[in-house]
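Contents: one structure, followed by commentary.
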Amino acid sequence: MILRWLTAGESHGPCLTGIVEGMPAGVPLTADDLGRDLWRRQQGYGRGGRMKIESDHAEILGGVWRGKTTGGPIALRIENRDWPNWKDKEYDLPRMTVPRPGHADLAGVYKYGFDDIRPVLERASARETAMRVAVGGVAKQLLAEFGITIRSQVLRIGQAKATPGDLSDPAVVERVEASVVRVADPESEERLKAAVDAAKDRRDTLGGVFEVVAFGVMPGLGSHVQWDRKLDGRLAQAVMSIQAIKAVAIGDGFVAGERYGTEAHDGITMRNGRVERLTNRAGGLEGGITNGEPVVVRVVKKPISTTATPQPTVDLDTLEDVPSQYVRSDVCAVPAAAVIGEAMVAVVLADALLEKFGSDSIEQMRTNVNGFLESIKTWWRPSSEAVESAHT
Ligand code: EPS
């Protein structure tokens with residue numbers, strides 16, 4: 001791994017911290033570049049009370065000089081605005097002994113030997129994804145230098161399915177960005193909002209499915225030669241690590257097992273004087289290597305485990321069956337998860353780009369990228385014509 005990164009911080013601690021190591025020198029980067037995605041992560045129909053308190057902003061504390069990366073580690077900090085409400089309580093809060101089914105609470109207590117769930121939930125909380133989005137924003141700045149852009153949309157919330165939009169169309173992307181449930185189609189938006197309303201009415205939560213698509217990715221990232229170099233596996237691991245994610249597919253992966261071989265792949269043809277694909281069912285990855293088509297990652301998020309309607313659980317002190325407890329939560333965070341998914345896809349693609357084209361400065365990288373593209377230009381060229389719908 002060339003692009004290494006870590007996050008630290010608790011949901012109700014003073015701040016989240018991030019370190020990004022391995023970015024080349026010369027990439028434009030300001031706090032404003034990270035701000036828009038942090039704002040996007042906070043949006044979405046069904047978000048809860050915490051998002052009314054927070055207004056996420058990433059400070060850049062190292063690794064940037066006069067608006068450009070230096071090649072040194074990039075240090076990031078996001079303040080938790082909820083902290084003043086907690087800071088005097090840290091030692092006074094009653095122990096929490098009733099684990100929520102589906103959260104890290106019980107398994108974390110077993111593993112770390114605590115008599116209190118709080119230190120587990122503080123770190124397991126999806127609050128940590130604010131920093132992931134900032135780190136992803138750094139990666140997106142590198143990808144943008146090479147014309148790689150990452151988009152996302154929601155495909156489903158609970159039983160309500162959206163009609164997917166073609167994310168290669170800027171007008172569709174504009175509608176997705178304006179939608180509170182991250183869909184392009186107005187009827188779908190109403191359906192998905194109604195699903196969230198129904199979950200709220202029954203004092204429950206809902207998950208769903210979203211997709212992330214990376215456009216402009218050149219062939220040749222990742223490798224078929226070793227298990228841990230396969231880019232599909234690396235993407236799956238990174239996206240699966242997002243809180244509440246239970247399944248990740250590349251391209252048509254969720255339905256690929258239902259099809260005949262002749263109906264599951266992407267025919268290769270000569271068109272417009274170059275090698276093109278008839279479809280993109282493989283989601284831009286064959287043999288763990290990008291093939292020059294858009295990279296498509298589809299993701300299932302389970303419903304948030306903190307439900308207003310109690311679930312069965314056990315008090316770890318009294319060993320009695322008790323109902324789970326509730327303070328506050330989101331009803332649905334699938335639109336936010338799509339933005340977090342973008343960030344995770346961005347860091348994996350940026351890492352793969354650095355691995356193939358190195359490393360120290362953006363200009364050296366550019367020379368390497370151009371040399372590689374020149375070497376394959378008989379077959380493949382970057383072109384907007386190559387950006388076909390992710391849904392063909
Ligand atoms: C989140 C902050 C959290 C939750 C949510 C995501 O804040 P709080 O716990 O103070 O309400 O809203 O976390 C979870 C879904 C979870 O299971 O922990 C955020 O910033 O996105």
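The values are calculated or read from the model by the stated rules, or taken from the named source; none is laboratory data. All values derive from a computational prediction rather than experimental measurement. As a convention, Cβ positions derive from the backbone with ideal geometry for all residues, glycine included, and neighbour counts pool all protein chains shown. The accessibility values were calculated without ligands, DNA or RNA, using every heavy atom of the protein model including side chains. Shrake-Rupley method; radii C 1.70, N 1.55, O 1.52, S 1.80 Å.
Assuming R0 = 45 Å, can you tell me the calculated FRET efficiency for the pair residue 61 and residue 260, based on Cβ-Cβ distance, to the nearest 0.05?
Efficiency, rounded to the nearest 0.05: 0.25.
Please list the non-local residues whose amide H lies under 5 Å from the amide H of residue 114, H modeled 1.01 Å from N, same-chain partners needing a gap of 5 or more.
Answer set, sorted by chain and number: none.
Could you pull the accessible area for residue 302 with a 1.4 Å probe, rounded to 10 Å²?
50 Å²
What do you get for chymotrypsin sites (Phe, Trp or Tyr not before Pro) in the range 206-265 restricted to DSSP loop and a cutoff of at most 12 other Cβ within 10 Å of the site's Cβ?
Working: sites: 210, 215, 227, 254, 260; in loops: 260.
Qualifying residues, ordered by number: 260.
Distance check, please: which entries in 87/246; 68/230; 68/302; 89/111 exceed 29 angstrom between their Cα atoms? Walk me through the numbers before you get to the answer.
Values: 87/246 33 Å; 68/230 31 Å; 68/302 39 Å; 89/111 25 Å.
Table pairs above 29 Å Cα-Cα are 87/246; 68/230; 68/302.
Points 7 angstrom from Cα along the Cβ direction at residue 322 and residue 379: gap in nanometres?
For the pair residue 322/residue 379, the computed spacing is 6.3 nm.
Using helices alone, I'd like the mean residue ellipticity at 222 nm for the chain: each DSSP H run of four-plus residues gives -39500 (n - 2.57), total over residue count, nearest 500.
It comes out at -9500 deg cm²/dmol, rounded to the nearest 500.
Send over the Kirkwood Rh of the range 155-291, from the inverse of the averaged 1/r over different Cα pairs, rounded to one decimal Å.
Hydrodynamic radius (Kirkwood, Cα pairs) of the range 155-291 is 17.2 Å.
Taking H placed 1.01 Å from N in the peptide plane, check which residues at least 5 places from residue 152 or on another chain put their amide H under 5 Å from its amide H.
213
So if we plug the beta-carbon distance of residue 111 and residue 241 into 1/(1 + (r/R0)^6) with R0 = 22 Å, what FRET efficiency do we get, rounded to 0.05?
Numbers: r = 17 Å, r/R0 = 0.76.
So, using R0 = 22 Å, E works out to roughly 0.85.
Given just the C-alpha atoms of the range 1-150, how large is their convex hull per residue in cubic angstrom?
Residue-normalised Cα hull volume stands at 145 Å³.
Under a Cβ-Cβ cut-off of 13 Å, what is the net charge of the residues other than residue 93 that fall near it, where Lys and Arg count +1 and Asp and Glu count -1? Present the calculation step by step, with values, prior to reporting the outcome.
On the way: positive: 87, 89, 95, 118; negative: 10, 88, 90, 92, 116, 122.
Neighbourhood net charge equals -2.
Between beta-carbons, use under 10 Å as the cut-off and find the net charge around residue 291, counting Lys and Arg +1, Asp and Glu -1.
Here the charged neighbours net out to -2.
About the Cα centre, and with charges only on the beta carbon of Lys, Arg (+1) and Asp, Glu (-1), how big is the dipole of the chain? Nearest 20 debye, please.
Working: 48 positive and 53 negative charges, 49 e Å.
Its charge dipole is roughly 240 debye.
Taking 0.36 nm per intervening residue step and subtracting the Cα-Cα distance, what contour gain separates residue 95 from residue 268 on full extension?
56.2 nm
Loop by DSSP (not H, G, I, E, B), at most 12 other beta-carbon atoms within 10 Å: where is the longest site-free stretch of the chain for GluC sites (Glu not before Pro)?
Longest run free of exposed loop sites: 91-257.
Counting only residues 5 or more places away or on other chains, whose amide H sits under 5 Å from the amide H of residue 15 once H atoms are built in the peptide plane?
It is 10, 80, by chain and number.
Using a cut-off of 12 Å between beta-carbons, work out the net charge of the residues near residue 353 (Lys and Arg +1, Asp and Glu -1, residue 353 not included).
Around residue 353, the charge tally is 0.
Could you tell me what percent of the accessible area of the chain is made up of carbon and sulfur, with a 1.4 Å probe and every protein chain present? The partial results should precede the final answer.
Details: 9880 of 18340 Å².
Taking all protein chains in place, the chain shows 54 percent carbon and sulfur surface.
What is the distance in Å between the Cα centres of the range 3-27 and the range 95-109?
27 Å
If one computes P(r) from the Cα atoms of the chain, what percent of pairs lie at distances over 28 Å?
49 percent
Using a simple spin-label model with points 7 Å from Cα along the Cα→Cβ vector, what separation in nm is obtained for residue 31 and residue 171?
Placing both labels 7 Å beyond Cα along the Cβ direction yields 3.9 nm.
With θ taken as phi - 60° and the coefficients 6.51, -1.76 and 1.60, list the Karplus ³J(HN,Hα) couplings across the range 107-112 in order, rounded to whole Hz; mark glycine and proline as x.
4, x, 5, 3, 5, 9
Setting aside same-chain residues fewer than 8 positions from residue 161, which aspartates and glutamates have a Cα under 17 Å from its Cα?
Of all the aspartates and glutamates, those that pass the test against residue 161 - Cα under 17 Å, at least 8 places apart if same chain - are 185, 187, 189, 190, 197, 211, 252.
Suppose every K and R has +1 on its Cβ and every D and E has -1 on its Cβ; what is the size of the dipole of the range 302-390 about the Cα centre, in Debye to the nearest 20?
460 debye
Under the Karplus relation 6.51 cos²θ - 1.76 cosθ + 1.60, θ = phi - 60°, what is the ordered set of whole-Hz ³J(HN,Hα) values for the range 29-35, x standing for Gly and Pro?
7, 10, 4, 4, 4, 8, x
Give me the Å³ per residue figure for the convex hull around the C-alpha atoms of the range 80-193.
Convex hull volume per residue, Cα atoms: 174 Å³.
Might you tell me the accessible area per residue for the chain, computed with a 1.4 Å probe and given in Å²?
With the other protein chains kept in place, the chain gives 47 Å² per residue.
Quick one: Karplus J couplings for the range 354-364, per residue in order, coefficients 6.51, -1.76, 1.60, θ = phi - 60°, nearest Hz, x for Gly and Pro?
The phi angles translate into 5, 4, 7, 10, x, 6, 7, 9, 4, 5, 4 Hz.
Rounded if a/c is under 1.5, else prolate if a/b beats b/c, else oblate: with a ≥ b ≥ c from the C-alpha gyration tensor eigenvalues square-rooted, which is the range 175-233?
Taking the square roots of the gyration eigenvalues as a ≥ b ≥ c, the range 175-233 is oblate.
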